[in-house]
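The values are calculated or read from the model by the stated rules, or taken from the named source; none is laboratory data. Source: prediction; values computed, not measured. Using ideal geometry, Cβ is built from the backbone for each residue, glycine included, and neighbour counts are taken over all protein chains shown.
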Amino acid sequence: MGHSTARAALIYQHASADRDRLIADAVSGLVKKGRKRGARRSKKKDKKPDGHGAGTEG
């Protein structure tokens, strides 16, 4: 990695692991939030169909 000592490399590796954990937790929270929104939207879609020809008679 180009660090002058193995100790320096370990310090940066630890900091990187901590940052990776924060990023993973943030992404996980976004996914959970998106799934909750998707579940609410899919319930609404079940009540009111949409798509090709929705609400029209041919």
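Looking for something at pLDDT 75 or above, touching a His at 6+ places or on another chain (Cβ under 7 Å) and surrounded by 10 or more Cβ atoms within 10 Å (Cβ to Cβ) - is there at least one such residue anywhere in region 15-23? Reasoning before the result, please.
Our first condition is that a residue be at pLDDT 75 or above; within region 15-23, this holds for 15-23.
Within this subset, residues satisfying the condition of being touching a His at 6+ places or on another chain (Cβ under 7 Å) are none.
No - not one qualifying residue is present in region 15-23.
Among residues that are surrounded by 10 or more Cβ atoms within 10 Å (Cβ to Cβ), within 30 Å of the chain's Cα centre (by Cα), modelled with pLDDT under 80 and not in a loop (DSSP other than H, G, I, E, B), residue 33 is not included.
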